[in-house]
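These notes are about the structure you will find just below.
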Amino acid sequence: MAIKLGQMLLKEKLITTEQLDEALKNQGIFGIKLGSSLVELGVISDEQLCTFLSRKLDVPAVTPRAMAWISPEVLARVPAELAEKYRVVPIRAEGKRLSLAMADPTDFKAIDEVAFVTGCVIIPHIIPDVRITSALSKYYNIRGDVRYLRIEGELADRRKNTPVAAADKKTETIKIPMATESGELLNIEIPLEFEGFANLAVPEGGYETEAGGVERYTIDRLSIEFASAKNRDQIASIFIKYLGQEFNVGALFIIRGGTAIGWRGITAGKRIDQFESLDILLNKPSVIRDVLETGQFSMGSLIQTADNIQLLKVLGVGFGTPLLVLPIIMLKKVVAVVVVSAEMDALGKRLQELQKLVYKASLAFEMLIIKNKILMT
């Protein structure tokens with residue numbers, strides 16, 4: 001959304017600076033919109049957010065009741081491809097006037113294209129992004145990000161005024177000068193431990209190449225691409241590309257509430273189909289639950305549990321196959337899990353390298369949060 005939501009909410013004193021920081025961290029890790037991140041954390045309800053934006057943008061808000069049932073005739077006005085492209089849902093038609101539920105009613109490109117395709121005058125209405133995801137799934141059978149769908153399901157059971165946990169003790173920080181696009185100089189605080197991460201130099205001699213001149217994806221090159229990643233999905237793509245080059249099987253899971261959700265998976269150099277639909281509940285015995293609870297890596301064959309069997313089946317490896325499972329830890333919390341497969345000796349030899357790799361990934365997440373802070377100011 002073109003508007004600076006976080007700053008608007010701060011100005012109205014609907015959220016605190018600490019709550020915004022936590023939401024930005026959540027956004028950077030899980031790749032959801034800032035508004036949805038605030039709703040998920042219980043900082044503000046989706047109804048409050050919708051009402052606030054409606055007032056600020058002078059655009060009608062869409063009530064949950066209006067989304068409960070939409071006639072097929074109205075839905076047919078907007079093709080599924082267009083609804084998915086711009087994340088919009090038609091809610092009411094009156095002659096040549098079409099009311100359109102939008103997470104971003106300032107998206108004039110979307111309004112213009114829907115108007116052109118439908119031949120209608122578009123009346124934009126605002127709705128929280130999390131409800132758009134639910135509506136697209138319900139009315140157009142468009143499978144949305146499971147993270148948004150989970151938030152939608154949790155809202156009904158959450159108390160509106162959830163107390164915010166006390167912030168962790170601050171780690172030692174340094175201030176680095178950065179400039180916004182307008183040229184304003186900012187002093188951004190970052191943890192001392194990753195000073196200089198954003199300015200990694202190209203390794204001396206350039207990137208390694210294999211026989212025949214094919215460029216090899218090295219740890220140094222991976223570090224540089226981590227530092228320049230613009231979103232968390234780019235971090236995942238960089239990571240899985242390296243794992244696919246180095247191991248028979250590689251996979252990434254993101255931890256969301258009580259579930260490990262498939263993020264990226266690769267085997268024999270090919271992406272694992274439907275890996276993103278894999279969910280492993282963390283209230284049942286599994287190697288991922290063990291790694292999450294201990295914060296330590298696991299290496300070796302898996303014990304026979306239902307979720308471990310499911311994991312091996314999706315990865316396409318047999319029982320008894322050695323796996324190395326490592327946590328990606330950010331701010332003392334496991335946010336993702338890495339899984340690779342190889343011979344036991346090979347895993348042992350590559351352990352230190354992979355530990356360094358997951359550490360770099362956690363720093364890349366931190367850098368995304370810093371970049372988001374710069375854009376919010």
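None of the figures in this text is laboratory data; all of them are computed from the coordinates on show. Treat the numbers as computed from the prediction; the structure is a model and nothing was measured. Counting neighbours? That spans all protein chains shown, and the Cβs are built from the backbone with ideal geometry, glycine included.
Of note:
- Ellipsoid fit via the Cα gyration tensor, the stretch 47-155: semi-axes of 20, 17, 12 Å, each the root of five times an eigenvalue, largest first.
- Size-normalised alpha-carbon gyration radius of the stretch 255-358, reference 2.2 N^0.38 Å: 1.01
- Using only side-chain charges placed at the Cβ, +1 for Lys and Arg and -1 for Asp and Glu, the dipole size of the stretch 218-376 relative to its Cα centre rounds to 460 debye.
- Residue pairs, from the table LYS25/LYS313; LYS241/LYS371; LYS85/LYS230; LYS11/LYS85, whose Cα atoms sit over 30 Å apart: LYS25/LYS313; LYS11/LYS85
- The antiparallel fraction among DSSP beta bridges confined to the stretch 47-155 stands at about 45%.
- Between the stretch 220-253 and the stretch 310-349, the alpha-carbon center distance in angstrom: 15 Å
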